[in-house]
Amino acid sequence: MTHDNSNDKQEHGAGQTETDFELEIRFDDETEWPAEDAGNDDNRQPEPENAALEAVNRRIAQLSEAFETKLKYDAHKNKVIDELHQELQEYRDGLVKKYIHSMVTDVIKIIDDIRKFKAYYEPGPITEQTAGRLLEFLEEIAGDLEDLFTWQGITAFTCGVTHFDNTRQRVVKKVETSDPTLDKTIAESMRPGYEWDGKILRPELVTVYVYDFSGKGDRL
């Protein structure tokens, strides 16, 4: 009896084909293929911790640069201020010397006049005429000095008021009076006051009446 091997071959072939197909499926499932960019480190995204650290480092570098720029600016500014201050000081010194030079020149003239007067009258005898001339000369000196002040903007003044003004006058002597109407009024102007551009350098020196009632003494 002849055995038909064609069917066995077909069955065997069919079985072999099914087995091979199953192996291919398992092979495809178990194989892990590498990613496309696995070998390229440059394309990797930085980790969150590294990115934050890099941001902090960049910020520190920016702050350091800004701080250095500020230091350079402050140094330049201070240098400019120092130069301007020096120039202003030199200008002030020159202006002060100009005024002082003018005053010194005038004072030297007055000193010369005093010594000339002394040299003229010293050899002769002291007479009443000489004494009178000396008094006149002293008044002339006072006038010359006040003229010198006037040229520099300093003026002499007397208030010319009846009642005492404590803002422009100073009491150097009190005179008691029994007349109550004279209380706190000016008895006499002793020395003029001096002011410079509206500012009191020295108030007028005056004597003032003070009414003494019932033994209570001065009320000024």
Subject >> Test set (1) open to solvent by less than 70 Å² (accessible area, probe 1.4 Å); (2) out of contact with any helix residue (DSSP H, G or I) (no Cβ under 6 Å at 6 or more places or on another chain); (3) among the β-branched types (Val, Ile, Thr); (4) at pLDDT below 90 - THR130 fails condition number >> reply: (2)
Original post:
Just a yes or no: is a residue in the stretch 131-154 polar (S, T, N, Q) and over 30 Å from GLU195 (Cβ atoms)?
Top reply: no
Original post:
Which members of the stretch 145-200 meet the condition of being part of a strand (DSSP E or B), open to solvent by 60 Å² or more (accessible area, probe 1.4 Å) and either closer than 30 Å to THR105 by Cα or in contact with a helix residue (DSSP H, G or I) (Cβ under 6 Å, 6 or more places away or on another chain) (or both)?
Top reply: MET190, ARG191, TRP196, LYS199
**OP:** Report yes if some residue within the stretch 81-94 is part of a helix (DSSP H, G or I), exposed (fewer than 10 other Cβ atoms within 10 Å of the Cβ) and among the acidic types (Asp, Glu); otherwise report no.
**Re:** no
Original post:
Among the numbered criteria (1) of a type in the set (Lys, Arg); (2) in contact (Cβ under 8 Å) with a residue 12 or more places away in the chain; (3) over 21 Å from ARG202 (Cβ atoms), which single criterion is violated by LYS173?
Top reply: (3)
Original post:
Is there a residue in the stretch 122-134 that is under 30 Å from ILE100 (Cβ atoms) and in contact with a Gly (Cβ under 8 Å, 6 or more places away or on another chain)?
Top reply: no
Original post:
Which one of these is of a type outside the set (Val, Ile, Thr) and modelled with pLDDT of 80 or more: ASP42, ASP82, ASP93?
Top reply: ASP82
Subject >> Neighbours by Cβ (under 9 Å, 6+ apart or cross-chain): first from the stretch 88-116, among the β-branched types (Val, Ile, Thr); second open to solvent by less than 80 Å² (accessible area, probe 1.4 Å) and at pLDDT 80 or above >> reply: VAL107/LEU145; VAL107/LEU148; ILE110/ILE141; ILE110/ASP144; ILE110/LEU145; ILE110/LEU148; ILE114/PHE137; ILE114/ILE141
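The values are calculated or read from the model by the stated rules, or taken from the named source; none is laboratory data. Note that the coordinates shown come from a computational prediction; the quantities given were computed from them, not determined experimentally. FYI the Cβ positions are ideal-geometry reconstructions off the backbone, even for glycines, and counts take in every protein chain you see. Ligands, DNA and RNA are stripped out before the accessible areas are found, and what is left, the full protein with its side chains, is counted by its heavy atoms. Shrake-Rupley method; radii C 1.70, N 1.55, O 1.52, S 1.80 Å.
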